[in-house]
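Below is one structure, written out as structure tokens, with a few remarks after it.
The values are calculated or read from the model by the stated rules, or taken from the named source; none is laboratory data. Just so you know, these numbers come straight off a predicted model, no measurement behind them. Cβ sites come from the backbone with ideal geometry, for glycine too, and all protein chains shown count toward neighbours.
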């Protein structure tokens with residue numbers, strides 16, 4: 001990318017990829033031995049997963065002579081890169097991360113976590129963090145060997161990477177991270193699936209090294225949840241690399257697959273061939289920049305939707321639907337209704353349009369605005385949405401007291417359910433039809449005349 005001239009981690013060993021499945025199988029066997037420490041298990045793994053062909057070109061000269069052995073590994077290496085605010089990552093200006101509405105940021109944190117909005121969530125004081133790990137077993141058997149950390153400082157966006165050269169030096173790795181966290185005094189966290197993976201894993205390693213974990217109490221925006229709210233209906237995947245290409249329009253064509261990373265690290269521990277690690281550093285740095293770009297894009301989507309709504313301008317219907325989901329998640333039902341209705345006036349995919357009508361009808365039913373809910377249910381029956389037949393049948397039976405119409409809708413629903421629904425749904429319609437027919441028979445039966453008594 002144009003602004004990243006310092007990155008030299010491109011096109012490294014693309015034709016020679018380690019055998020991830022072999023490594024995983026070997027680890028599962030070794031990890032069953034509870035008597036070994038993690039360090040011993042990793043050393044055993046290295047000896048079992050030798051790939052003699054991997055990296056041969058980088059270890060021998062053109063004439064086939066063996067290069068000199070690598071220098072002894074240091075426990076920790078630190079790499080730094082920084083980017084001026086005026087540069088762009090894909091279509092996103094790095095400076096725009098400092099210009100986002102803080103109230104909107106706090107709402108998005110709430111939408112992603114269902115927790116109370118934080119008093120302050122300033123991306124200018126946030127830590128963007130992403131780990132690369134041995135990725136094998138989970139729990140104490142998984143070792144983070146690279147911590148990538150991005151943050152705004154001194155009119156730049158900086159990325160610092162702590163790389164664990166040797167598993168035996170994990171204590172130095174953890175101590176270095178602790179010093180870094182304490183010195184930088186971050187006020188919040190931004191991750192992508194960090195609540196389920198990165199933060200619990202890192203906290204576990206701190207605990208095992210008898211070290212306090214200073215990030216545990218910080219407000220945390222795990223943007224994976226927000227991304228699913230905003231884009232799951234629009235893009236085929238919410239993987240960070242996919243959204244970076246599709247939403248941020250960033251070029252990650254030289255990136256290596258995530259699944260390849262653990263095996264590369266183990267092969268590096270065996271050979272000390274640093275060309276195996278350079279693509280991992282590049283991948284991790286791209287993940288940090290992608291996270292920044294996707295976060296900014298998410299905020300811009302909501303801000304642009306609000307601006308278009310206020311000025312009556314056209315907007316992407318799929319983005320309007322995503323904004324509607326966002327406001328619904330924050331508890332702002334009235335705003336979400338406006339966005340869903342605007343989205344339905346635009347070009348939505350069939351499935352998204354059905355979901356928008358379903359969400360709107362649920363809103364109106366809860367608010368007892370039955371005329372508006374019924375109108376949507378009727379539209380949904382035309383699109384063969386099975387749930388709408390049941391909703392209409394219940395409405396006609398219990399609110400309108402129109403048994404004939406309730407029976408007609410129920411029979412249509414059963415006919416549709418015969419082809420695509422679960423047995424429980426078909427049984428629900430059958431039971432409803434029997435009950436309605438019984439009610440109609442009782443209603444049409446002649447009433448006996450009351451005789452006079454003398």
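Here are the numbers:
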item	result
Residue ID - modelled with the highest pLDDT, chosen from residues in the stretch 111-140 that are in a strand (DSSP E or B) and under 25 Å from residue 327 (Cα atoms)	128
Matching residues, the stretch 410-425, being within 35 Å of the chain's Cα centre (by Cα) and over 17 Å from residue 377 (Cα atoms)	419, 420, 421, 422, 423, 424, 425
Matching entry among 373, 356, 343 (being more than 23 Å from residue 236 (Cα to Cα), in contact with a helix residue (DSSP H, G or I) (Cβ under 8 Å, 6 or more places away or on another chain) and either in a helix (DSSP H, G or I) or modelled with pLDDT of 90 or more (or both))	373
Those residues of the stretch 233-250 which are modelled with pLDDT of 95 or more and in contact with a strand residue (DSSP E or B) (Cβ under 6 Å, 6 or more places away or on another chain), in sequence order	248
Leading residue by the ranking (nearest to residue 102 (Cα to Cα)) among those in the stretch 167-195 that are in contact with a helix residue (DSSP H, G or I) (Cβ under 7 Å, 6 or more places away or on another chain) and surrounded by fewer than 18 Cβ atoms within 10 Å (Cβ to Cβ)	187
Unique residue being in contact with a strand residue (DSSP E or B) (Cβ under 8 Å, 6 or more places away or on another chain) and either over 19 Å from residue 225 (Cβ atoms) or modelled with pLDDT of 95 or more (or both) when the list is 210, 187	187
Residue in the stretch 380-388 that is at positive phi, surrounded by 13 or more Cβ atoms within 10 Å (Cβ to Cβ) and touching a helix residue (DSSP H, G or I) at 6+ places or on another chain (Cβ under 8 Å) present	yes
The lone exception for residue 307 - which of (1) free of Cβ contacts under 8 Å to residues at least 24 places away in the same chain; (2) surrounded by 19 or more Cβ atoms within 10 Å (Cβ to Cβ); (3) farther than 27 Å from residue 131 by Cβ it fails	(2)
Any hit, the stretch 291-309, residues being more than 30 Å from residue 256 (Cα to Cα) and not in a helix (DSSP H, G or I)	no
